[in-house]
Amino acid sequence: MNSNNTSWKAAADADGILWLTLDKPGTSANVLSSDVLVELDTLLRPLQQSPPRGVVVISAKKSGFIAGADIKEFTGITDAESGYRLIHAGQQVLDRLEALRCPTVAALHGFALGGGFELALACRYRVAIGDERLSLGFPEVLLGIHPGFGGTVRSVRIAGVRPSMELMLTGKSIRAETALRIGLIDKLVTDQEQLQAAARDFVLRKPPARKASFGERILSSALVRPFVRRALIAQVAAKARRDHYPAPYAIVDLWARYGAHGAEAFEGEARSIAQLFTTETSRNLVRVFLLQDRLKALGGKVAADIKHVHVVGAGVMGGDIAAWAALRGFTVTLQDQTIEYVEPALNRAKALFKKRLRDPDKAAAARDRLRADVAGAGVEEADVVIEAIFENLEAKQELYARLEPRMKPTAILATNTSSLMLEPLAARLARPERLVGLHFFNPVAQMQLIEIVQSGRTDAGVAQAAIAFARRLDKLPVPCRSAPGFIVNRVLMPYLHEAMFAAQEGVPLAVIDKVAVDFGMPMGPIELADVVGLDVAAHVGEIVAVELGRPAPDLAKLRELIAANKLGRKSGEGFYVWKDGKPVKPLSTGDAAPADLVDRLILMLVNECAACLREHVVDEPDLIDAAVIFGTGFAPFRGGPLAYARSRGVAAVVTRLEELAARYGARFQPDSGWPLVTTGLKP
């Protein structure tokens, strides 16, 4: 039989097996939107009375099985009851699939995530192409929610509480071998033909369905659950506070209450996720997800004709930029004054390739794409030349004078400067229009953001090519205007300086950091300075403060540390002593933070965001929020600094800044850009 449904096609083969193929039109990946679930329900209803020999659910998309629910539908949920109706309807569809009186098989390739993975778990069997592309998991916790189509129940029943909790609490995906080992996959195959054959075989053989081991089932018993719950809650509490991120606690609470037993467990799941939908955390994390998608879309079709990248400067940033470009498939030449400067970067690259590319042949290919080039022969062939030397205007200008005559007419000249404006850098160039800033963040392999910095003379085509290049590097580009500190360093410096002001007043460093972390920052400002490097922080801070005419704290202590080569984490000591990659923070129980310290730190940063909006450094509040979230780790559950200000109330924020200005001075004076934050419009 055939169906004319929009997204699903149903066809029975000669063995009487019904193949349900999902191919949502107009998208590169399948998602479980409401219309997709309604169509599936329409197909399943008649099968309840007249089941076929078996049902196989499969995807026609090359990208994978199903990427999850349609996140945009979450933004339309206005209250817990509407959220419950949406989730309960989806649960009923998957319940119908699970209840069919015939074998059901999910045939997976690529990814099966979130709701897509939940659909697979509602089938009796799961077979998959076990290549490196296979990715299975529940990323919902990253959106401030948890699985809602039965995943909190079925995953525990099939794999057990420990493997399931690891998946749900972290949001991390698992690969083929792990999924097979813990029982979430029944068989791995190598290609599409074998996938279909394996699915057919499971229907015809009808082996017993997988279920959790006896030991895992004991852990879910009523007597044992309270003890396991305490351990799980302690594990979650070590990483996130309940008031900041309630979803992981809700996952543990659900299991502890129901043990993945009975219809009540499904009902509890639906009610729980419906409540989470209404939290500020979930709404903000969904907003962050959509902001990420928006930055990805800035690259257009990502058609920049770039194959060869030449990097000048093999220090930490330059070497790691070169390694990442090679990892992403580019041919890369890395230049520095001598081979002794380049070799450490090549060694770091080798370690990166081994970690990220588990296939030895692919790691070897990446190593072959990256080569030392002390003589700079790669300049003539490069499509992009990235300068990543130390922050000195004259040195960079002299380097450009040597590079520019040798570059191809179509090549882009990019600078990784973190603080110098493009206008003086381009002053001596014959073609200043092809200079663009590509400001990466450290560590390059982990930080998603690249600031795409443009001067008034940067060619629009060059800027767009730089954005497309950033996307091919799998980074998130944020276009910004050439201005002191650009966007991220511009807003970070007043925040770091305010921490120094507090330290001068006698507030212990560890207390300053704790206040910021309690607000939701990934680390405090003092630790951040150590991580960035005190020499770098001091240099960038001085440039930004001077250029903007902003008051700076007394940095004598900072200069003393730098003079003693105590530069932070990279030297083993800065403001803190570092052991095993972590700072030692002496914190006495008697150390209390001033009541206004959190506002002093955070509102200083937020006020600078308003200034950046007014000055057109970035043209939209959303893009400023995106830059600060992805460039600094600003508390994602708060939605970004300007979203935080709007949720608190812009008028209330301005009033609070005025109060702080009256007490601490003009540095807290509210910026005149706040009306733009209120409207959310472009300046």
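The values are calculated or read from the model by the stated rules, or taken from the named source; none is laboratory data. Please read these numbers as outputs of a predicted model, since none were measured by experiment. Here Cβ is always computed from backbone atoms with ideal geometry, including for glycine, and neighbour counts include all displayed protein chains.
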Worksheet, complete the sentence: Taking region 534-552 and keeping only residues that are without any contact (Cβ under 8 Å) to a residue 40 or more places away in the chain and closer than 17 Å to I562 by Cβ, one is left with D535, A538, E542
Worksheet item: In region 97-188, which helices (runs of 4 or more DSSP H) lie fully inside it and hold 3 or more residues that are touching a residue at least 12 places away in the same chain (Cβ under 8 Å) and more than 26 Å from L18 (Cβ to Cβ)?
Response: 151-159, 161-170, 176-182
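For (1) within 22 Å of Q91 (Cα to Cα); (2) touching a Leu at 6+ places or on another chain (Cβ under 9 Å); (3) of a type in the set (A, V, I, L, M, F, W, C), each residue gets a yes or a no:
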residue	(1), (2), (3)
L232	no, yes, yes
A240	no, no, yes
D243	no, no, no
I251	yes, yes, yes
G268	yes, yes, no
S272	yes, yes, no
E280	no, no, no
L295	no, yes, yes
Practice prompt. Just one of (1) of a type in the set (G, A, S); (2) crowded, with 22+ Cβ neighbours inside 10 Å; (3) assigned to a helix (DSSP H, G or I) trips up A234, so point out which.
Written response: (2)
Response to the item:
Subset of region 191-222, residues outside any helix (DSSP H, G or I) and in contact with a Lys or Arg (Cβ under 7 Å, 6 or more places away or on another chain), comes to A209, K211, A212
Worksheet item: Of the residues A349, A345, A323, A314, which single one is crowded, with 21+ Cβ neighbours inside 10 Å, part of a loop (DSSP other than H, G, I, E, B) and touching a residue at least 12 places away in the same chain (Cβ under 8 Å)?
Response: A314
Response to the item:
Going through region 577-599 in order, the residues found to be under 13 Å from D513 (Cα atoms) and either part of a helix (DSSP H, G or I) or touching a helix residue (DSSP H, G or I) at 6+ places or on another chain (Cβ under 6 Å) (or both) are P583, K585, L587, D591, A593, L597, V598
Worksheet item: When region 589-628 is examined, which residues are found to be in contact with a Gly (Cβ under 7 Å, 6 or more places away or on another chain) and acidic (D, E)?
Response: D625
Practice prompt. Could you look through region 400-421, keep only residues that are in a helix (DSSP H, G or I) and out of contact with any helix residue (DSSP H, G or I) (no Cβ under 8 Å at 6 or more places or on another chain), and pick out the one that is surrounded by the most Cβ atoms within 10 Å (Cβ to Cβ)?
Written response: E404
Discussion item. Looking at the structure I just gave you, is E498 within 22 Å of F630 (Cβ to Cβ), buried (at least 17 other Cβ atoms within 10 Å of the Cβ) and charged (D, E, K, R)?
Written reply: no
Practice prompt. Just name the residue that is modelled with the lowest pLDDT out of those in region 522-544 that are part of a loop (DSSP other than H, G, I, E, B) and touching a Gly at 6+ places or on another chain (Cβ under 7 Å).
Written response: G533
Worksheet item: Considering only residues of region 35-50 that are out of contact with any helix residue (DSSP H, G or I) (no Cβ under 6 Å at 6 or more places or on another chain) and surrounded by 17 or more Cβ atoms within 10 Å (Cβ to Cβ), which is nearest to A112 (Cα to Cα)?
Response: V36
Worksheet, complete the sentence: Scanning region 237-262 residue by residue, those aliphatic (A, V, I, L, M), surrounded by fewer than 19 Cβ atoms within 10 Å (Cβ to Cβ) and modelled with pLDDT of 95 or more turn out to be A237, A256
